[in-house]
Number of protein chains: 2
Amino acid sequence: MKRDILFFDNDPYAPENQFYRVEEVLFVGKSQFQDVKVLKLDGFGLALVLDDVVQFTEREEFVYHETLAHVPLFTLPEPRNVLIIGGGDCGVAREVLKHKSVENVVLVDIDEMVTKVVKEYFYHLYKDAFEDRRLKILHEDGLKFVRDYRGEKFDAVLIDLTDPVGPAKPLFEEPFYRMIFDILTEDGIMAAQTESIWYHQDTVRDVQNALKNVFPITDIAYFITPVYTGYWWTISIGSKMYNPRISYRTCNLKTRYYCDDVRSVSFLPQRIYKELMEGKLFSDDK
Amino acid sequence: MKRDILFFDNDPYAPENQFYRVEEVLFVGKSQFQDVKVLKLDGFGLALVLDDVVQFTEREEFVYHETLAHVPLFTLPEPRNVLIIGGGDCGVAREVLKHKSVENVVLVDIDEMVTKVVKEYFYHLYKDAFEDRRLKILHEDGLKFVRDYRGEKFDAVLIDLTDPVGPAKPLFEEPFYRMIFDILTEDGIMAAQTESIWYHQDTVRDVQNALKNVFPITDIAYFITPVYTGYWWTISIGSKMYNPRISYRTCNLKTRYYCDDVRSVSFLPQRIYKELMEGKLFSDDK
């Protein structure tokens, strides 16, 4: 193992941490909201790092972005109007815009620096989104945007946030989900990144219970990426009409990971879901 | 984050590494074959560490051991005679012995110190195996044992090895799989831990191609545990008669993770399998 410059990922609430070998430091900055870095990591290529937590890398970003976009969107017969909260890197937006039926994507990320930095260092990954006139990017508070929104309702709301600590915390709670319910069409769906099965079972369960109080149909999908510790990472879903385990349309998009076969194993097995909700997952006592 | 004593996992061929906070060092030793440590890790409990790589911890050991045992054994209508290569900790043996039809388990692990240390520090986890008279533990070279074996044929051979470097390497190769084929019954099955989808695609593909040259039916199952970097970790299967995607019997065993629902999502999705074998997985060019 080379012992040169190491970067220690500072996951705010995992018992085990990761470190990477740094090949190059491309950007170090500080926005009003967080520290922002772009590092070149051995074996992963460029990485966007916020508050010393790797958010994504060139090598694996597509797994998370494709799952968060396509699992909910393929649940709908014809998504047209989509809202993304967070996701200022435009990774989820890029995937959403692959759906031909989509006419309008609004992205609300509080931190303008993220979008600026991604535009400069990751343009090759997200140019399809940046150059698409259907995408409108706003830099404001997502909670405030949703609370005050009075425009055309959304078919899907996708929530792509950092960990539920500090200012992001209210965006993982029932009052926020209730506001989202109100700005969704009558067959609308929402999906949110909600941490790992291994390290954050309480968060996953709390979110699912909050969603159950708001939406008639709720579920948990997952994805696996090597840069998030705990790796068995969840996407929590609230749906007004359609069962998210069923894909309404066959996937014919150009993707690197998501496809109908992958979708078929992208939801928690029923017994795992049940045990998680009962607080008995992995327990001897069940 | 507490900055006390850290243990750096030294995965021999992953670009990213993990570290843990050490609460207690219980054992440090050196056998003829490897360094052996028992550490108490914050958030994981006791861990067995070989050559500075975490092999399993109290918190998550059941995921790996249950998957490697039950996926192949539930493929068979009535496994009776089982061989385990490696696995001197007896974790896989404990799971195998839960099958009532099993009459005889032979475990061949080259390193006696592993079994001794596990017996001393992890007895609470594996006592069902240690106390079961159906289990016979031999400390010798697995390759030599298989090559020279002339006894009753095995219904299943389960291979539970460390990474394919050094002396373990020939046990990931076709000549060894051919010897295993010869000591299996005519409907027998073998399964082996074979590294991760993210970091070791070449190994997974090479093993699968080697198995294809020997067995009429081959496949790849997977499991996810936070202590193995790359986390999307494979179990490669060679079968003489039964399709491993089908469970011959309903699981009614007392387990913490494995069950019929879990099994249904424990094989690589067909498109992922195909792209992996073509060397196009995660590629833009497909």
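Listing for the model above:
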| item | result |
| --- | --- |
| Candidate set from the stretch A:25-42 (those that are more than 9 Å from chain B (Cβ to nearest Cβ) and crowded, with 17+ Cβ neighbours inside 10 Å); member that is nearest to residue A:114 (Cα to Cα) | A:36 |
| Those residues of the stretch A:177-221 which are closer than 21 Å to residue A:82 by Cα and among the aromatic types (Phe, Trp, Tyr), in sequence order | A:177, A:181, A:215 |
| Looking only at the stretch A:50-75, and only at residues there that are open to solvent by less than 10 Å² (accessible area, probe 1.4 Å) and in contact with a His (Cβ under 9 Å, 6 or more places away or on another chain), the one that is nearest to residue A:36 (Cα to Cα) | A:56 |
| Scope the stretch A:251-273; condition among the aliphatic types (A, V, I, L, M), more than 8 Å from every other protein chain (Cβ to nearest Cβ) and surrounded by fewer than 19 Cβ atoms within 10 Å (Cβ to Cβ); matching residues | A:253 |
| Residues of the stretch A:125-167 classified as touching a residue at least 40 places away in the same chain (Cβ under 8 Å) and out of contact with any helix residue (DSSP H, G or I) (no Cβ under 7 Å at 6 or more places or on another chain), total | 6 |
| Residues of the stretch A:102-129 satisfying the condition of being of a type in the set (D, E, K, R) and in contact with a strand residue (DSSP E or B) (Cβ under 6 Å, 6 or more places away or on another chain) | A:109 |
| Conditions (1) open to solvent by less than 20 Å² (accessible area, probe 1.4 Å); (2) within 14 Å of chain A (Cβ to nearest Cβ); (3) without any contact (Cβ under 8 Å) to a residue 60 or more places away in the chain; (4) among the acidic types (Asp, Glu); number of the one not met by residue B:89 | (2) |
| Test: residue in the stretch B:2-16 that is without any contact (Cβ under 8 Å) to a residue 12 or more places away in the chain and more than 9 Å from chain A (Cβ to nearest Cβ) | yes |
| Count of the stretch B:251-286 residues which are within 20 Å of residue B:196 (Cα to Cα), of a type outside the set (S, T, N, Q), part of a loop (DSSP other than H, G, I, E, B) and over 21 Å from the mean Cα position of the chain (by Cα) | 5 |
| Every pair of residues 6+ apart whose Cβ atoms lie under 9 Å, when the first sits in the stretch A:221-235 and is under 20 Å from residue B:15 (Cβ atoms) while the second is at pLDDT 90 or above and among the basic types (Lys, Arg) | A:226/A:59; A:227/A:59 |
| Which listed residue is within 14 Å of chain B (Cβ to nearest Cβ) and either surrounded by fewer than 23 Cβ atoms within 10 Å (Cβ to Cβ) or of a type in the set (A, V, I, L, M) (or both), from A:197, A:180 | A:197 |
| Sole exception among (1) open to solvent by 10 Å² or more (accessible area, probe 1.4 Å); (2) out of contact with any helix residue (DSSP H, G or I) (no Cβ under 8 Å at 6 or more places or on another chain) for residue A:114, by number | (1) |
| Some residue of the stretch A:211-228 being of a type outside the set (D, E, K, R), farther than 28 Å from residue A:253 by Cβ and buried (at least 16 other Cβ atoms within 10 Å of the Cβ) | yes |
| Which listed residue, of B:148, B:202, B:141, is open to solvent by 10 Å² or more (accessible area, probe 1.4 Å), closer than 18 Å to residue B:88 by Cα, of a type in the set (D, E, K, R) and more than 15 Å from the chain's Cα centre (by Cα) | B:141 |
| Top-ranked residue of the stretch A:217-250 - restricted to ones that are assigned to a loop (DSSP other than H, G, I, E, B) and facing chain B (nearest Cβ under 10 Å), ranked as nearest to residue A:62 (Cα to Cα) | A:225 |
| Residues of the stretch A:274-285 satisfying the condition of being at the interface with chain B (Cβ under 9 Å from one of its Cβ atoms) and open to solvent by less than 70 Å² (accessible area, probe 1.4 Å) | A:281, A:282, A:283 |
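Conditions tested, residue by residue: (1) open to solvent by less than 10 Å² (accessible area, probe 1.4 Å); (2) under 26 Å from residue A:166 (Cα atoms); (3) of a type outside the set (A, V, I, L, M, F, W, C); (4) assigned by TED's automatic domain parsing to the domain that holds residue A:232.
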{"position": "A:23", "(1), (2), (3), (4)": "no, no, yes, no"}
{"position": "A:44", "(1), (2), (3), (4)": "yes, no, no, no"}
{"position": "A:93", "(1), (2), (3), (4)": "yes, yes, no, yes"}
{"position": "A:107", "(1), (2), (3), (4)": "yes, yes, no, yes"}
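The values are calculated or read from the model by the stated rules, or taken from the named source; none is laboratory data. The structure displayed is predicted, hence computed values, not measured ones. Positions of Cβ are backbone-derived with ideal geometry, glycine not excepted, and every protein chain shown enters the neighbour counts. Each accessible area value is taken on the protein alone, full model and side chains, heavy atoms only, with ligands, DNA and RNA left out. Shrake-Rupley method; radii C 1.70, N 1.55, O 1.52, S 1.80 Å.
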